[in-house]
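Asker: Questions regarding the structure given below will be posed in turn.
The values are calculated or read from the model by the stated rules, or taken from the named source; none is laboratory data. This structure is a prediction, so every number in the text was calculated from the model and none was measured. A quick note on method: Cβ atoms are made from the backbone with ideal geometry, for glycine too, and the neighbour counts reach across all protein chains shown. To get the accessible areas, we keep the full protein, side chains included, count just its heavy atoms, and leave off ligands, DNA and RNA. Shrake-Rupley method; radii C 1.70, N 1.55, O 1.52, S 1.80 Å.
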Amino acid sequence: EDKVVQSPLSLVVHEGDTVTLNCSYEVTNFRSLLWYKQEKKAPTFLFMLTSSGIEKKSGRLSSILDKKELSSILNITATQTGDSAIYLCAVVSGGSNYKLTFGKGTLLTVNP
Amino acid sequence: GAGVSQSPSNKVTEKGKDVELRCDPISGHTALYWYRQRLGQGLEFLIYFQGNSAPDKSGLPSDRFSAERTGESVSTLTIQRTQQEDSAVYLCASSFPYPPFFGPGTRLTVL
């Protein structure tokens, strides 16, 4: 059974801190890894990492895929209160019928 | 439209009633997913449609749950004889091919 595990489950920091969120996976036929931010209901897409694109950066957010260690990290520098959200990691796997397996998420709270 | 839309945004129903949830994917997106998210929990896979292929129904929790999709357009998720444990946010996502983009969800409350 495919498995995606995120850590920590929750994290409380102060504005300006840097945080690192972790995602590890055990899946059959890995295709790509996705990061989403969920503030209210709908997760919004952040990054997609594949074998040909193992590092992505957008502003204060960056992510790296380690295919050897079957894991990924999401870094947020100079955190702001608006970064408070649940961060979800998902892995795309499978043959012709791709599966998308989500981790339980990391709840990040950024206090002023 | 520009994004995935879902209706209704909120639905309150009585135990035992049937409900139908609708998802309009982004035009041209061949893949469509339904997920369930209970309060404080992660996303639980329900069903996956890809073009004209047979859907992957492996996540449907019971035979009270069913979903249809007409071609590469609208999808409906039907829950028959609703139970209180069906209360959750139901999220739809579409993609071509990746990443999937999510709709705003339908919050279902079963009294």
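Asker: Would you mind finding the one in A:42, A:85 that is open to solvent by less than 20 Å² (accessible area, probe 1.4 Å) and of a type in the set (A, V, I, L, M)?
Answerer: Matching residue, one of A:42, A:85: A:85.
Asker: State all residues of the stretch A:45-56 that are more than 7 Å from every other protein chain (Cβ to nearest Cβ) and either within 14 Å of residue A:91 (Cβ to Cβ) or open to solvent by 40 Å² or more (accessible area, probe 1.4 Å) (or both); if no residue qualifies, say none.
Answerer: Within the stretch A:45-56, A:46, A:47, A:49, A:50, A:51, A:52, A:54, A:55, A:56 meet the criteria.
Asker: Take the stretch B:46-57 and flag every residue that is within 14 Å of the chain's Cα centre (by Cα), surrounded by fewer than 18 Cβ atoms within 10 Å (Cβ to Cβ) and of a type outside the set (Lys, Arg).
Answerer: B:55, the sole residue that qualifies.
Asker: List pairs: first residue in the stretch A:59-71 and within 20 Å of residue A:18 (Cα to Cα) and touching a residue at least 24 places away in the same chain (Cβ under 8 Å), second residue in a strand (DSSP E or B) and among the charged types (D, E, K, R) anywhere in the structure, Cβ distance under 9 angstrom, at least six positions apart or on different chains.
Answerer: Cβ pairs passing all conditions: A:63/A:55; A:63/A:56; A:63/A:57; A:65/A:55; A:65/A:56.
Asker: Considering only residues of the stretch A:66-108 that are within 14 Å of chain B (Cβ to nearest Cβ) and among the β-branched types (Val, Ile, Thr), which is farthest from residue B:39 (Cα to Cα)?
Answerer: Per the stated criteria, the residue is A:92.
Asker: Inside the stretch B:57-111, can you point out the residues that are touching an Asp or Glu at 6+ places or on another chain (Cβ under 6 Å) and within 15 Å of residue B:31 (Cβ to Cβ)?
Answerer: Answer for the stretch B:57-111, where residues must be touching an Asp or Glu at 6+ places or on another chain (Cβ under 6 Å) and within 15 Å of residue B:31 (Cβ to Cβ): just B:74.
Asker: From B:107, B:81, grab the single residue that is at pLDDT 95 or above, among the basic types (Lys, Arg) and more than 13 Å from the chain's Cα centre (by Cα).
Answerer: One residue alone meets the criteria, B:81.
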